[in-house]
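K.L.:
Structure incoming, see below.
The values are calculated or read from the model by the stated rules, or taken from the named source; none is laboratory data. Because the structure is a prediction, the values reported are computed rather than measured. Cβ coordinates were reconstructed from backbone atoms using ideal geometry, including for glycine residues, and neighbour counts include every protein chain displayed. Ligands, DNA and RNA are stripped out before the accessible areas are found, and what is left, the full protein with its side chains, is counted by its heavy atoms. Shrake-Rupley method; radii C 1.70, N 1.55, O 1.52, S 1.80 Å.
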2 protein chains.
Amino acid sequence: MKNTLVMLAHGSTDPAWQAPFQTLETQLQERLGDHVRLAYMELCSPLLEEVVEDVAHQAGNTPHRVDVLPLFFAAGRHLRQDVPAQLEALNAQFPHVAIELLPPVGQHPAFVNVVTDIVAERDDMSA
Amino acid sequence: MKNTLVMLAHGSTDPAWQAPFQTLETQLQERLGDHVRLAYMELCSPLLEEVVEDVAHQAGNTPHRVDVLPLFFAAGRHLRQDVPAQLEALNAQFPHVAIELLPPVGQHPAFVNVVTDIVAERDDMSA
């Protein structure tokens, strides 16, 4: 089965906020390929719905898998309620696309370690 | 001059969202000391204003430095407008406390690298 990895960011109407996410998408597509895509939960394009719809149409009737990796520090109501509701609707709309919501990057031990190191490094500089 | 490092998170009314930030604060205080503190921009306690006020009172009239490190992926309007306005008001209220707003952790190269690695690792697992 073909698969797509969607990096999900919160979204903002502020282009300056969006810029680093777009840079990340470009870097990751260069490294891994076009099946890695960026989507936003709300407020700016491309929305999660738009990306999944695009993937579903490109897949035709072929079964396809979409893993959604949230670029969030923590799983609050957005990731426990809003996004699952969005994905449930998309699963109903596109039965040939199996969508899975992964834990946010903030729960990854390597993520916690790097934030810890950045804080420690900064603390060292300001001591 | 004594200093405090304030890790600034967005804030949420959702305790499940707050939990990993509190864990991070505990870990960093064990590693670095009580001068590393967590604060929220809005929606939950301790707010940035509460933490800076507490630090200012503990400092008495002794000059003190507060570095604010945002636990944010990107610098949008919150970090370019809202937080600077909060800090300007605090600087006026507590003249003996010098507050500096640092770039968000999301702009640190190590942070971008680890997010990239987590995406690549996940992509590998779902291939």
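K.L.:
Residue A:94 - would you say it is more than 11 Å from chain B (Cβ to nearest Cβ), among the aromatic types (Phe, Trp, Tyr), buried (at least 16 other Cβ atoms within 10 Å of the Cβ) and touching a residue at least 24 places away in the same chain (Cβ under 8 Å)?
P.N.:
Numbers: more than 11 Å from chain B (Cβ to nearest Cβ): yes; among the aromatic types (Phe, Trp, Tyr): yes; buried (at least 16 other Cβ atoms within 10 Å of the Cβ): yes; touching a residue at least 24 places away in the same chain (Cβ under 8 Å): yes.
Here the answer is yes, as residue A:94 does meet what is asked.
K.L.:
While we're on this one: Among the residues of the range A:104-120, are any surrounded by fewer than 18 Cβ atoms within 10 Å (Cβ to Cβ), in contact (Cβ under 8 Å) with a residue 12 or more places away in the chain and under 14 Å from residue B:20 (Cα atoms)?
P.N.:
Yes, because at least one residue in the range A:104-120 is surrounded by fewer than 18 Cβ atoms within 10 Å (Cβ to Cβ), in contact (Cβ under 8 Å) with a residue 12 or more places away in the chain and under 14 Å from residue B:20 (Cα atoms).
K.L.:
Can you name the number of the only condition in (1) within 16 Å of residue B:113 (Cα to Cα); (2) assigned to a strand (DSSP E or B) that residue A:67 fails?
P.N.:
Tallying (1) within 16 Å of residue B:113 (Cα to Cα); (2) assigned to a strand (DSSP E or B), residue A:67 fails exactly one: (1).
K.L.:
Also: Could you tell me which residue of the range A:8-37 is least open to solvent (accessible area, probe 1.4 Å), considering only residues that are more than 10 Å from chain B (Cβ to nearest Cβ) and assigned to a strand (DSSP E or B)?
P.N.:
By that ranking, first place goes to A:8.
K.L.:
Could you list, in sequence order, the residues of the range B:77-91 that are within 13 Å of chain A (Cβ to nearest Cβ) and surrounded by fewer than 16 Cβ atoms within 10 Å (Cβ to Cβ)?
P.N.:
The first filter runs over the range B:77-91 and keeps only residues within 13 Å of chain A (Cβ to nearest Cβ), leaving B:77-82.
The answer is B:77, B:80, B:81, B:82.
K.L.:
Select from the range A:39-59 the residues that are open to solvent by less than 30 Å² (accessible area, probe 1.4 Å) and either part of a loop (DSSP other than H, G, I, E, B) or at the interface with chain B (Cβ under 10 Å from one of its Cβ atoms) (or both) and list them in ascending order. Spell out the reasoning first.
P.N.:
Of the range A:39-59, the ones open to solvent by less than 30 Å² (accessible area, probe 1.4 Å) are A:39-41, A:44, A:48, A:51-52, A:55-56, A:59.
Within the range A:39-59, A:41, A:44 qualify.
K.L.:
May I ask you to verify whether residue B:74 is facing chain A (nearest Cβ under 8 Å), over 15 Å from residue B:51 (Cβ atoms) and not in a helix (DSSP H, G or I)?
P.N.:
Values: facing chain A (nearest Cβ under 8 Å): yes; over 15 Å from residue B:51 (Cβ atoms): yes; not in a helix (DSSP H, G or I): yes.
For residue B:74, the condition - facing chain A (nearest Cβ under 8 Å), over 15 Å from residue B:51 (Cβ atoms) and not in a helix (DSSP H, G or I) - is met.
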